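Engineer: Have a look at this one.
The values are calculated or read from the model by the stated rules, or taken from the named source; none is laboratory data. Nothing here was measured: the structure is a model prediction, and the numbers come from that model. Cβ placement follows ideal geometry from the backbone for every residue including glycine, while neighbour counts extend to all protein chains displayed. With ligands, DNA and RNA removed, areas are computed over all heavy atoms of the protein, side chains included. Shrake-Rupley method; radii C 1.70, N 1.55, O 1.52, S 1.80 Å.
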Amino acid sequence: MNFKITAYGHPLLRKISEDIDENYPDLKELIEEMFKTMEDSSGIGLAAPQIGKSISLFIVNSTIDENNKNKIKKSFINPEIIETFGKNYAFEEGCLSLPGIRENVVRKEKVTINYLDENFKEHEETFDGINARVILHEYDHLEGILFTDRLSSLKRKMLSRQLQNIKKGNVDVDYPMDFYTKGKGI
Ligand code: ZN
């Protein structure tokens, strides 16, 4: 069974995620299900808050991008960004929690990150290209930040109707989503 993707408007997407330890229940199964959910919705990155869990975990699978020479398929637990460096550049991003929205976001070119893998082995690695881009986007999710927060206020204003529609569930999407329904139908 795949997870539903938490839609924009859900307060969980705005929470700071909690670190986990090795005793977190069924972690390997959770990660496997996340990979499956992500692949079925054609994503290349997915953070735990996007499947309704406010824990410090995200996954990246850039192997589906044919142009990418440095393909990775990894899980990042309790990640900590050490530094971002290189040029600032704009690149088009999308997000499974914000279906239909794609915008250029400016981020640094490279990132050095410390994280635990699914076996709780610690790594410190530097990534660039699409991998760095996805890692920075997913890391933001753990901090309650969405890529639209990084756009100009004018751009955000232009997107406000579309964002409100996602919030209300008025969106055409081919994967299951969890819309925040507080107060709906009462
Ligand atoms: Zn996202």
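Engineer: In deg cm²/dmol, rounded to 500, what helix-only [θ] at 222 nm does the chain give when every DSSP H run of at least 4 residues adds -39500 (n - 2.57) and the total is split over its residues? Walk me through the intermediate numbers first.
Structural biologist: Details: 3 runs with 44 residues, N = 186.
My calculation for the chain gives -7500 deg cm²/dmol from helical runs alone.
Engineer: Oh, and also: Give the lysines reachable from Lys36 as a straight Cα distance under 25 Å; neighbours fewer than 8 places away on the same chain don't count.
Structural biologist: Candidates past the 8-residue exclusion: Lys4, Lys15, Lys28, Lys53, Lys69, Lys71, Lys73, Lys74, Lys121, Lys167.
Engineer: Taking square-rooted eigenvalues a ≥ b ≥ c of the alpha carbon gyration tensor, is the chain rounded, prolate or oblate, where a/c under 1.5 means rounded and, failing that, a/b exceeding b/c means prolate? Walk me through the intermediate numbers first.
Structural biologist: On the way: a/c = 1.66, a/b = 1.19, b/c = 1.40.
It comes out oblate by the Cα gyration axes.
Engineer: Follow-up. So, taking all protein chains as they sit and a 1.4 Å probe, how much accessible area belongs to Lys155, in Å² rounded to tens?
Structural biologist: Surface accessible to solvent at Lys155 totals approximately 70 Å².
Engineer: Rank these residues by their accessible area, most exposed first, probe 1.4 Å: Phe91, Phe58. Numbers along the way, then the final one.
Structural biologist: Values: Phe91 80, Phe58 0 Å².
Output order, biggest surface exposure first: Phe91, Phe58.
Engineer: Here's something else I'd like to know. From the phi angles alone, apply the Karplus equation (6.51, -1.76, 1.60; θ = phi - 60°) to the range 125-136 and give each ³J(HN,Hα) in whole Hz, x where the residue is Gly or Pro.
Structural biologist: Per-residue couplings from phi come out as 9, 10, 10, 9, x, 5, 5, 4, 4, 5, 4, 5 Hz.
Engineer: Hey, got the dipole for the chain? About the Cα centre, +1 on K and R Cβ, -1 on D and E Cβ, debye to the nearest 20?
Structural biologist: Values: 26 positive and 31 negative charges, 244 e Å.
Here the chain has a charge dipole of around 1180 debye.
Engineer: Accessible area per residue for the range 1-147 in Å², computed with a 1.4 Å probe and the full protein assembly in place, what is it? Show your work: numbers first, answer last.
Structural biologist: Numbers: 7040 Å² over 147 residues.
In whole numbers, the range 1-147 has 48 Å² accessible per residue.
Engineer: Mind listing the phi-derived Karplus ³J(HN,Hα) values for the range 8-21, rounded to whole Hz, using 6.51, -1.76 and 1.60 with θ = phi - 60°, and x for any glycine or proline?
Structural biologist: Each residue of the range 8-21 in turn: 3, x, 7, x, 4, 6, 9, 8, 7, 6, 8, 5, 10, 10 Hz.
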